[in-house]
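First comes the structure, then the notes that go with it.
Bear in mind these aren't lab numbers, they're just calculated from the coordinates by the rules spelled out. Quick caveat, the model's predicted, so the values are computed rather than measured. Here the Cβ positions follow ideal geometry from the backbone for every residue, glycine too, while neighbour counts run over all protein chains shown.
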Amino acid sequence: MFDVQKIRAQFPILSQTVNGKPLVYFDNGATSQKPQAVIDSIVEYYSKYNANIHRGVHTLSQLATDAYEQARFKIQQHFNAKHAYEIIFTSGTTESINLVANGFASLLQPGDEIVISALEHHSNIVPWQMLCEHTGAILKVIPMNLHGELIMDEYDNLLSEKTKLVCCNHISNALGVLNPIEEIIKKAHAVGAAVLIDGAQSCPHIKPDVQALNVDFYVTSAHKMCGPTGVGMLYGKEEWLRKLPPYKGGGEMIATVTFEKTTYADLPHKFEAGTPNICGGIAFGAAIDFMNEVGFDNIAKHEHELLVYGTQRLQEIEGVTIYGPTDLNKKASVISFNIENIHPYDIGTIVDKLGIAVRTGHHCAQPIMDFFKIPGTIRASFAFYNTKEEIDIFVEAIKKAKMMLS
Amino acid sequence: MNSAQMNIKEIQKEIVDEFAMFDDWMERYEYIIELGKGLPLIEEQYKTEENIIKGCQSKVWVHAEEKDGKVLFSADSDAILTKGIIAILIRSFSNQTPAEILEANTDFVDEIGLKEHLSATRANGLVSMIKKIKMYALAFEARN
């Protein structure tokens, strides 16, 4: 039985006041809050078994190694990867994307093409631009319509035997659009291209099955799904991870080193040079446990209710424009909006004073803002621990801000 | 006494005294909004890329020219709170000599309860605006 109050009680930060008001945290798209279970896993690691992993034969090192590899196993199970060694720990989505982009530098020829979508976050644009500059490959962009939905006919036209890689987010951070990645993956594979899906915004809401999706690379960050910052993962199909050269050189990623030649370690260590974020990895595993205990069906149901309610309440306010799909089944619990003649920054500043955390600005997706010819939006992104009562407080705050600013 | 004859310190004290009359943040912000609305508009020709203070949140243009040894600032922003804040700065620094502008401290922003606008997350908050104003003063002083 899903009881939002019981869930909230597990997040210490949510009982805080900000600027003298109870905190309403609607900036979950930027980062989620952390439950006690995740915080405890961090404290426990540093209090009881902090040691470097995969190196020492001593007991603490064994304990830490086991816990870290156990976390990798949890991530494998969660995403239904075929092998645990197909899960590479990284510092987050951005590093995961850079790792793949760096690896493709040796696989691309001038004139090859990389397709991305118009809905990407800068971190799924810039690494590919850098790769294109480096290799002479060409970047193509799947356009979107006025509802922020990708135009799939245009995608068909972009694909050819020149396409080597297609990169797209599962859910857009700026608008919350749920992209048709099954179709995107199938069509890319039909022309022989590999596909990378950016799951930074989807993993807090849904449980992707990488084998069912038949995706080549899937990347995400722990901190948006109740885990700590500074850790994330790259899932890659074994054949691809074997094909890509190592990203960073150092300890851990080697088999043998002489001054003449180094041979690399097997997967996953080939991509994990240096001492990793051991504690972060372990806490990432704890976050995945926590979210599965809450249950992704419960999460989806509750968040959809918040989305429907929030959308309806905001539309009561005159002059509100909501960006993204009008069919709420095609989006995550994110409402990106503006109020006529008022700058999003002004709204964000006033509602902050009322204890409400929302994101304002371009959401690191400037091309989307340029498309809509706006400087930015106000983005309220809900998590499973948010409530309708918080939405009521938020709507009242928006009304107040609007009154002050008009 | 109008601000043209006052020095920066006196103007800043006047601003601090005005803000001291308000009981809470809402009144302070409403006053900032009012100041923003009253900011004389910058001439369109000066809304150039060069005059823009680029940041994550809102656009701010600041233009300066020198007249009779004093620096005259004009500015605009697409966000009204930002516009109000730049209006406060212009009131404090415009029509002063480059040397006076360079010497002036900016503690008064803290005193009027705008400290949060000094934080690093407000990329084109007060810090960048003050920097731009001081850069102009420095450029004029170097030229003289």
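Where in the range A:1-29 is the amide nitrogen less than 14 Å from a point lying 7 Å along the Cα-to-Cβ axis of B:Asp24?
Residues A:19-22 qualify, since their backbone N sits under 14 Å from the label point.
Straight-line reach only, C-alpha to C-alpha below 21 angstrom: list the lysines that A:Lys248 could link to, leaving out same-chain residues fewer than 8 apart.
List returned: A:Lys237, A:Lys261, A:Lys270.
In the range B:1-77, which GluC sites (Glu not before Pro) are in a loop and have at most 15 other Cβ atoms within 10 Å, using DSSP for the loop call?
Passing sites in the range B:1-77 are B:Glu43, B:Glu49, B:Glu50.
Could you give the distance between the Cα centres of the range A:73-88 and the range A:18-58, to the whole Å?
Spelled out, the Cα-based centre of one part sits 22 Å from the other.
Contour minus end-to-end for A:Asn50 and A:Ser160, with contour as 0.36 nm per residue of separation and end-to-end as the Cα-Cα distance?
My answer for the length gained is 34.5 nm.
Pop a pseudo-label 7 angstrom from the Cα along the beta-carbon direction at both A:Asp392 and A:Thr263 and give the gap in nm to one decimal.
Between A:Asp392 and A:Thr263, the label points sit 6.8 nm apart.
Which lysines have a Cα less than 17 Å from the Cα of B:Lys47, not counting those fewer than 8 places away in the same chain?
Once the sequence-local lysines are set aside, what remains near B:Lys47 is B:Lys59, B:Lys83, B:Lys132.
Please compute, for peptide B:78-90, the average count of beta-carbon atoms on other protein chains lying within 10 Å of each residue's beta-carbon.
That average works out to 3.
What lysines does A:Lys6 reach when the alpha-carbon gap must be under 24 Å and sequence neighbours fewer than 8 apart in one chain are set aside?
Cα-Cα hits under 24 Å: A:Lys21, A:Lys34, A:Lys207, A:Lys224, A:Lys301, A:Lys388.
Would you mind getting me the FRET efficiency between B:Asn144 and A:His189? Use the beta-carbon distance for r and R0 = 56 Å, nearest 0.05.
Efficiency for this residue pair is about 0.25.
Could you check the simple spin-label distance between B:Glu43 and A:Asn329, using points 7 Å along Cα→Cβ, in nm with one decimal?
5.9 nm
Given the DSSP H assignment, sum -39500 (n - 2.57) over each helix run of at least 4 residues in the protein assembly as shown and divide by its residue total; what's the result at 222 nm in deg cm²/dmol, nearest 500?
Only helices count here, giving -12500 deg cm²/dmol.
For a paramagnetic label modelled at 7 Å from the Cα of A:Asp209 toward its Cβ, which residues of the range A:71-115 fall within the zone defined by backbone nitrogen distances under 15 Å?
Residues A:77-82 fall inside that zone.
Mean Kyte-Doolittle hydropathy of 0.0 or higher plus an axial Cα length of 24 Å or more: which whole DSSP H helices in chain B meet both? If you can, show how the numbers build up before the last one.
Values: long enough: B:126-143 (26 Å, 0.61).
Helices passing the filter in chain B: B:126-143.
Alpha carbon centre of the range A:305-371 versus the range B:43-89: separation in Å?
28 Å
Run the numbers for A:Ile138 and A:Gln70: contour at 0.36 nm per residue of separation, minus the present Cα-Cα distance, in nm.
20.4 nm
For A:Lys82 and A:Gln62 in one chain, what is 0.36 nm times their gap in residues minus the Cα-Cα distance, to one decimal in nm?
Gain on extension, A:Lys82 to A:Gln62, equals 4.7 nm.
How well do other chains shield peptide A:355-368, expressed as the mean number of their Cβ atoms within 10 Å of each residue Cβ?
So the per-residue partner count for this stretch is 1.
Describe numerically, in nm with one decimal, the distance between label points set 7 Å from Cα along Cα→Cβ at B:Glu10 and at A:Lys373.
4.9 nm
Taking Cα atoms, how many degrees apart are the long axis of helix A:278-294 and the longest axis of chain A, rounded to 10 and kept between 0 and 90?
The angle comes out at about 50 degrees.
Of the listed peptides A:169-179, B:129-139, A:342-352, A:319-329, what is their order by residue-averaged count of other C-beta atoms within 10 Å, with the highest listed first? It would help to have the intermediate numbers written out before the result.
Values: A:169-179: 27.0, B:129-139: 18.3, A:342-352: 24.3, A:319-329: 15.9.
With the highest mean Cβ count within 10 Å placed first, the list reads A:169-179, A:342-352, B:129-139, A:319-329.
Assuming R0 = 51 Å, what is the FRET efficiency of A:Lys6 and A:Gln129, from their Cβ-Cβ distance, to the nearest 0.05? List each step's numbers first, then the result.
On the way: r = 46 Å, r/R0 = 0.90.
It comes to 0.65.
What order do you get for A:265-277, A:129-141, A:27-39 when each peptide is scored by the mean count of other beta carbon atoms within 10 Å, highest first?
Working: A:265-277: 18.1, A:129-141: 15.9, A:27-39: 20.9.
Going by the mean number of other Cβ atoms within 10 Å, highest first, we get A:27-39, A:265-277, A:129-141.
In the range A:382-406, which residues have a backbone nitrogen under 12 Å from the label point lying 7 Å from A:Asn19's Cα in the Cα-to-Cβ direction?
From the range A:382-406, the list is A:397-398, A:400-402.
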